Amino acid sequence: MRYFFKEGAALEAGKVIDLDPEDLKHAHRVLRLRGGSTVVIADGQGTAFQGIVEEMSPEKGSVRLIGTPLPSVESPRRIILLQGLARGEKMDLIVRQAVELGVVQIVPVITGRSIPRFSRSQEEGRLKRWRSIVRAAAKQCRRAALPGISPICNFEDALELPGGQRALVPWEGEKERALDQFLKQQPPEGQEAVFIFIGPEGGFSASEISALTAAGASTVHLGPRILRTETAAAVTIALVQAAWGDLGVSGK
């Protein structure tokens with residue numbers, strides 16, 4: 001079933017929703033939807049309805065919502081990924097996989113070893129690209145809530161974001177505490193968020209690790225192998241979701 005977002009719309013059964021121009025072009029020219037086709041419309045905030053296409057032309061695509069809101073597929077665990085900037089396609093892959101695995105926010109972070117450095121116009125272009133990837137990935141995995149992409153953040157500012165919530169840092173220099181040990185203890189009641197700091201290609205520097213731990217983050221290791229930054233991000237999110245969220249959990 002085809003999936004579309006209508007951000008900011010108040011969705012309810014019986015309401016007619018007009019597709020946005022970009023979605024209309026795709027629905028009409030590529031998907032070749034016609035009147036009577038069944039689709040899903042989501043508001044980007046967590047609500048989605050099935051709908052029946054009432055009109056489909058190059059100028060207009062309208063969908064009448066039916067039934068009741070679809071069940072949520074959002075994780076009970078709010079995962080925020082603070083990702084050291086990686087080069088080009090690696091960052092694209094990290095964003096896509098993070099959305100598929102259920103994160104609610106992605107914060108690109110400039111660290112001492114981050115290779116990309118963007119001008120203001122380049123940053124705006126990258127953010128636009130990443131938000132497009134978020135939208136496409138959310139459609140693919142049927143998420144009604146669109147994860148956020150924050151503006152590129154300095155490392156010092158990123159340290160303040162957890163605000164006392166649980167935060168972890170996979171680090172090759174950690175030799176004793178494995179991630180599974182960190183995850184054995186469920187977070188306290190009401191503490192739904194967990195912040196995951198992932199270093200760029202060259203990893204975090206020793207001074208950055210010191211700053212992270214001083215801010216309350218816990219360093220962990222992911223096993224005996226050194227992982228690429230894009231692999232480390234996906235593995236860490238997946239393991240957190242399996243232990244504290246809804247990945248691979250019966251009845252979810």
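The values are calculated or read from the model by the stated rules, or taken from the named source; none is laboratory data. Just so we're clear, the structure is a prediction, and the values are computed from it rather than from any experiment. Using ideal geometry, Cβ is built from the backbone for each residue, glycine included, and neighbour counts are taken over all protein chains shown.
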Filter the range 63-90 for residues that are in contact with a Gly (Cβ under 9 Å, 6 or more places away or on another chain) and among the hydroxyl-bearing types (Ser, Thr, Tyr); which is nearest to His26 (Cα to Cα)? Ser72
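Residue by residue, here is whether (1) of a type in the set (Gly, Ala, Ser); (2) free of Cβ contacts under 8 Å to residues at least 60 places away in the same chain; (3) within 30 Å of Ile41 (Cβ to Cβ) holds:
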{"site": "Arg143", "(1), (2), (3)": "no, no, yes"}
{"site": "Ile152", "(1), (2), (3)": "no, no, no"}
{"site": "Gly164", "(1), (2), (3)": "yes, yes, no"}
{"site": "Lys175", "(1), (2), (3)": "no, yes, no"}
{"site": "Gly203", "(1), (2), (3)": "yes, no, no"}
{"site": "Ala217", "(1), (2), (3)": "yes, yes, no"}
{"site": "Asp246", "(1), (2), (3)": "no, no, yes"}
Here, strands (runs of 3 or more DSSP E) confined to the range 28-139 with at least 2 residues that are assigned by TED's automatic domain parsing to the domain that holds Gly14, crowded, with 20+ Cβ neighbours inside 10 Å and without any contact (Cβ under 8 Å) to a residue 40 or more places away in the chain are 38-42, 48-56
Cross-chain or 6+ apart pairs with Cβ under 9 Å, the range 1-17 first and within 8 Å of Ile41 (Cβ to Cβ), then aromatic (Phe, Trp, Tyr): Leu11/Phe49; Ile17/Phe4; Ile17/Phe49
Quick one: is Gly44 more than 30 Å from Glu189 (Cβ to Cβ) and either modelled with pLDDT under 95 or out of contact with any Lys or Arg (no Cβ under 7 Å at 6 or more places or on another chain) (or both)? no
Which of the residues that make up the range 168-199 are over 20 Å from Gly223 (Cβ atoms) and either small (Gly, Ala, Ser) or touching a helix residue (DSSP H, G or I) at 6+ places or on another chain (Cβ under 6 Å) (or both)? Gly190, Ala193
Residue match in the range 205-215 (condition: of a type in the set (A, V, I, L, M, F, W, C), at pLDDT 95 or above and under 17 Å from Ile94 (Cα atoms)): no
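Based on this model, can you work out whether Gly84 counts as in contact with a Lys or Arg (Cβ under 8 Å, 6 or more places away or on another chain) and under 21 Å from Glu156 (Cα atoms)?
Yes; evaluated as a whole, the condition is true for this residue.
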Members of the range 1-27 found to be loosely packed, with under 13 Cβ neighbours inside 10 Å, among the charged types (D, E, K, R) and assigned to a helix (DSSP H, G or I), listed by number: Glu22
Would you confirm whether or not the range 204-219 contains a residue that is surrounded by fewer than 17 Cβ atoms within 10 Å (Cβ to Cβ), under 22 Å from the mean Cα position of the chain (by Cα) and not hydroxyl-bearing (Ser, Thr, Tyr)? no
